[in-house]
Every structure is written in C-alpha cells, then in structure tokens.
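The block underneath contains the structure these notes are about, expressed in structure tokens.
The values are calculated or read from the model by the stated rules, or taken from the named source; none is laboratory data. This one's a predicted model, so the numbers in the text were calculated from it and none came from an experiment. Here the Cβ is made from the backbone with ideal geometry for all residues, glycine too, and neighbour counts use every protein chain on show. When the accessible area is computed, the model is the full protein with side chains, heavy atoms only, and any ligands, DNA or RNA have been set aside. Shrake-Rupley method; radii C 1.70, N 1.55, O 1.52, S 1.80 Å.
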Amino acid sequence: MTAPSVTIEQLQQRLRPMALRLRLRDTLWFASSTLWIAALLSLLIQIAGRLWPIAGLIWISLAPLALWALAVVGHLILRPLPPLRVAQRVDALLDARERLATALELGRRAERTPLVELQQRDAYAFAATLNPRLVPLQINRRPLMVALVLVVAAFALIMTPNPQDQVLEERAAIREATQQAAAEIAELRQELAQNQMLTPEERAALDAELAELQRRLEQNPGNREEALADLSTAEARLQQRLSSDTEAQRAALEQLARNLQALENQQQSGRPTLDQAENALQQLAQQIENMTPEERAQLAQQLRQEAQQLQQSAPQTAQALQQAADALQQNDVQQAQQALNQAAQSVQQAQQQQATQQAAQQAIAQIQEERQSIAQSGQQQAQQGQQQQGQQQQGQQGQQQGQQGQQQGQQQGQQQEGNAQNPATGSDAGSGSSDLVYQPFTPDGQPRDIEHIQGQQGEEGQTQIQQGQMNAPGETSPLQTPYQQVLRDYQQAAGEALDQSAIPPHLKDYVRDYFSRLEP
C-alpha cells in the first residue's frame, strides 16, 4: 500500500511550534544583550538629575527601561521568521542534516518524482517527532550581568533622597506665587478700569504697564530672579509717573480747606478733602457780594496768607488766591469772584492729579507686595533643611553652654561680692553730688575714659578755668521756637518724602493725620 504524499502546508504546520520557540529564544537573547543600554541611560539620567534640577526625574529615568520593554515585546511579536528560516535553524540545532529545509525547497518545485516524495515523507516523519523544548533558550550572560548592576544602581538612586528635589519644590512654589501675582495684577487692572477719576489717557497708560507685567508673570517658568526683575522694572516705570510735590500739594490744599472752614465758622469733622476745598472756594465766591467792606478786607488778608503758604506746593492756586485778594482790596467783587472760581478749578485739577498719583501708588504698593511674596516663596523647604541641621548642632552646643554656664555663675558670684564692697567705699569718699545725671551713650555699651581739660596756670600757680555752655544730648537748649512757625516746613518735607518713597497709600494717611493733629 502506497503511503499518502506530503504537502508543504503539512510540513509548515509541524514547524509552527518550533517557530514560536525560536522567536522566544531570539527575544531572550535580544533582551539580555540590550538591557544594559537602557539601564545605563536610566543611571545617567539619575546622575544628571542630581547635578541639575529635572522635573519628573523618576519618570524620565524610567523611560529608557520602558522603551526597552516595548522593543522586546515588538521583537517577539512583530519580527518575522519565515518557514524556510525556521527549517534551516532547526536542522542546524538538532543536527537534522538539512532534511527539513530540503523538503521545503523541493516542495516548491512543480516536479513530483518518487525521490522527492520519499524525501518529504522522511522530513515529515522527522517533524512529527519535534518538541519545542528540544530548542534550548539562551541568554547573553555577560551583558545581562552588567545590566543588572546598572539597574540596581539606577533604582538605588531613585530611592535615595535627591537634593535637587528641594530646588524643584522651590521652583514650583515660585511658579505658584507668580501665577497668584498675575491674578492679583489682573484684579488691580479691573479696579483701575472702573476708576472714573482717571483720564482715559492715564487709565490706558497704567493698564498697558500692568498688562505687560501680568503677561510676563504668567509666562514665568518659576525663575525667582526673572520675576523679581520684571516687578522691579514695572515699579521703576510707575515711579517715573510720581511727582515729588504731590503729597505736599495735597497737604497744603487740605490745610486750605481747613482754614476756609474755620473762616466760615464751620464745624470740622475729621480730615478735610479736596472736594471740600473746591466747594469752600466756590461758596466763598458767592458770599463776597453780601460781605461788608471790613469783612472783605479781612478776607483779603486771609487770602494773601493762604497764597503765601501755597506758593511752593500749589502755585496756580496761590496765584488765583493772590489775584482774589488784590481784587478785594480794590473792591472789585466781580474780579475777586472770577479769581476764586479759578482757584476752585485749580483745586479740581490738583484733585485729578492726586487721583493719578494714588492709582500709580496703589499699583506700586501691589507690585511691592507681590515682590515680597515671590521673594519669600519656596523658602519653607530651605528652612526645614536648616532646622534639621540646627537640631543636629543643638546637641553639641548644649554641652558647651553647660560649661559656659558654670563659668558665668562663678564670675557673677565674684562680681556680687565686689558690688557689695563698692557702696561702702562710695559712702566714705563723699556725698552723691558728683554723680552723673547724664550718662553718655556708647554704641558698644562699654564705658569710656573721662578726659579732663586743664585750665591756664596763672602767675601765682593757680589754675584759671572758664566755664562755658555746651548743648549735649539730653540737655535743654535755651533756644526755643514755637512749633507753629516750623510746622509748615516739616509738613512739606514729610510730603516730599512720601512722594519719593513707594509707601502704600493707606500708610501715608497716618503721616498726614499726624500733622493734621498738630494744627493749632
């Protein structure tokens, strides 16, 4: 009985388990030969992450190993292994003398001779006896051992604390602070946009400065120096919008309102405003017609005094008040009313300038607050590290302090014995009339030697001493000046100092109120 013929498909079906085994063998060899590359990259990334701050260091360092794993899986699934190549490798591994590869080559030919049939039956019979376990799995041991060492080193660095984590946390805190500052600047822009006291030009100019600052803060990646530089630049630009005589002008016009209220016998309640000064000038212009000549003369004298006081701080208002005083002296009521109305208009213009200055000061105060917040952000982590170092040093310092305490106790005991003897010596030396009433101040707290200046020696050997007067600290000077005469000068100097410094507006009110309370 003739045996059935063998087809190529049947032979290939027998070789499929062997093909899977060979692919697994190749994948293990590939994995063991290439793992060291991924492990080395992970280790280098970890080392770099300890020299420079790298965000997401753990995931970046694990990325080479993840890519290696994907490459291994792709090598197992996607790498092709043709049947002829499988047959050739099985023949070589099992010493089959190329019977499987020959059968596949002969099966592709169209001729079917008895010899071909016999060879294919022999190859098929051999393939039926194949077991995948006959193909041993193989790994590249030396690169694998190197890779394992690198993997252990990389994971050891991952598990140990990284000093650059503190830098990253600080950057994150700075980033959060800059975003918060940008939000605060946006709220300030909305507030200034609703300020009707500002002119459209001034409102647009301030908004442009703050918008640029907001944009730079929003784009800041967490760089403290860059954020502080942007805030300082914006503050410097806003400082250029401030006038040096604004506060002095405001204080002088407020004093004008206070004096006008006193002139009209109005009750003063709190601190006057520039609106009250404007209204007082307008009401005064209306009341001139009903005044007697004596009242007009008295008003002219009062207006001259106010003009003289406003000459430096508010020259336009001072000029208008002087013109009104001259008109009243000439009994020109209409000209006096016109001059007082001009003075009221100058006060209104000064009020608009004050609004612009206050808006700029408000923006500067907000910028300074945000700068302080950004400067202090991210320092909590550094303080915690310093606290840990301080706790380690406290144990060593405790022993030294104990020894110093014992020495100080002995020294204090000796000093107390010496102090107990000093009162007896002082009582025997004389009365207490020579005690110092004024104790000179020394920066280091140590006493100074008292120097005596000898007088001139006369003909009979006597020393002539001429006493004089010297104003030392703590002594009362014989020259005294009523404070009412210098109050204006100090008030103006304080106003100029407030203009030249970026003090928050709500704090400047305390200074103004102080001088207001000094008014007689």
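Could you grab me the full set of residues in segment 77-123 that are open to solvent by 70 Å² or more (accessible area, probe 1.4 Å), outside any helix (DSSP H, G or I) and farther than 30 Å from Ala147 by Cα? Once the filter is applied, which keeps residues that are open to solvent by 70 Å² or more (accessible area, probe 1.4 Å), outside any helix (DSSP H, G or I) and farther than 30 Å from Ala147 by Cα, segment 77-123 yields Pro82, Asp95, Arg97, Glu98, Arg108, Arg109, Ala110, Glu111, Arg112. Only a single criterion out of (1) in a helix (DSSP H, G or I); (2) closer than 30 Å to Glu212 by Cβ is not satisfied by Asn195, namely (1). Scanning segment 58-76 for residues that are open to solvent by 60 Å² or more (accessible area, probe 1.4 Å) and either of a type outside the set (A, V, I, L, M, F, W, C) or within 51 Å of the chain's Cα centre (by Cα) (or both) returns Ile58, Trp59, Ile60, Leu67, Trp68, Leu70, Val73.
Among residues of segment 296-313 being at pLDDT 85 or above and among the small types (Gly, Ala, Ser), the one that is nearest to Leu284 (Cα to Cα) is Ala300. Scanning segment 139-164 for residues that are in contact (Cβ under 8 Å) with a residue 40 or more places away in the chain, surrounded by fewer than 16 Cβ atoms within 10 Å (Cβ to Cβ) and not in a helix (DSSP H, G or I) returns Ile139, Pro163.
Of the residues making up segment 21-57, those that are at pLDDT below 95 and open to solvent by 70 Å² or more (accessible area, probe 1.4 Å) are Leu51, Trp52, Ala55.
Residues in segment 212-261 that are small (Gly, Ala, Ser) and either at negative phi or modelled with pLDDT of 95 or more (or both): Ala227, Ala229, Ser232, Ala234, Ala236, Ser243, Ser244, Ala248, Ala251, Ala252, Ala257.
Hey, can you tell me all the residues within segment 105-130 that are under 30 Å from Arg25 (Cβ atoms) and touching a residue at least 40 places away in the same chain (Cβ under 8 Å)?
Here is the first cut: in segment 105-130, the residues under 30 Å from Arg25 (Cβ atoms) are 105-108, 119-130.
Hits for segment 105-130 are Gly107, Arg108, Gln120, Arg121, Ala123, Tyr124, Ala127, Ala128, Leu130.
Take the residues of segment 307-327 that are part of a helix (DSSP H, G or I) and open to solvent by 10 Å² or more (accessible area, probe 1.4 Å): which is nearest to Ala493 (Cα to Cα)? Ranking the candidates gives Gln309 first. Checked across segment 259-266, the condition of being open to solvent by less than 30 Å² (accessible area, probe 1.4 Å) and either in contact with a Ser or Thr (Cβ under 9 Å, 6 or more places away or on another chain) or more than 30 Å from Gln298 (Cβ to Cβ) (or both) holds for no residue.
Kindly establish whether Ser5 is under 30 Å from Arg89 (Cβ atoms) and not in a helix (DSSP H, G or I). For Ser5, the condition - under 30 Å from Arg89 (Cβ atoms) and not in a helix (DSSP H, G or I) - is met.
Residues in segment 52-76 that are part of a helix (DSSP H, G or I) and of a type in the set (Val, Ile, Thr): Ile58, Ile60, Val72, Val73. On the stretch given as segment 236-256, residues that are assigned to a helix (DSSP H, G or I), open to solvent by 20 Å² or more (accessible area, probe 1.4 Å) and closer than 22 Å to Gln372 by Cα total 3. Selection of segment 200-214 for residues being of a type outside the set (A, V, I, L, M, F, W, C) and either loosely packed, with under 13 Cβ neighbours inside 10 Å or touching a Pro at 6+ places or on another chain (Cβ under 8 Å) (or both) yields Pro200, Glu201. The set of residues in segment 281-300 being among the polar types (S, T, N, Q) and closer than 20 Å to Gln319 by Cα consists of Gln282, Gln283, Gln286, Gln298.
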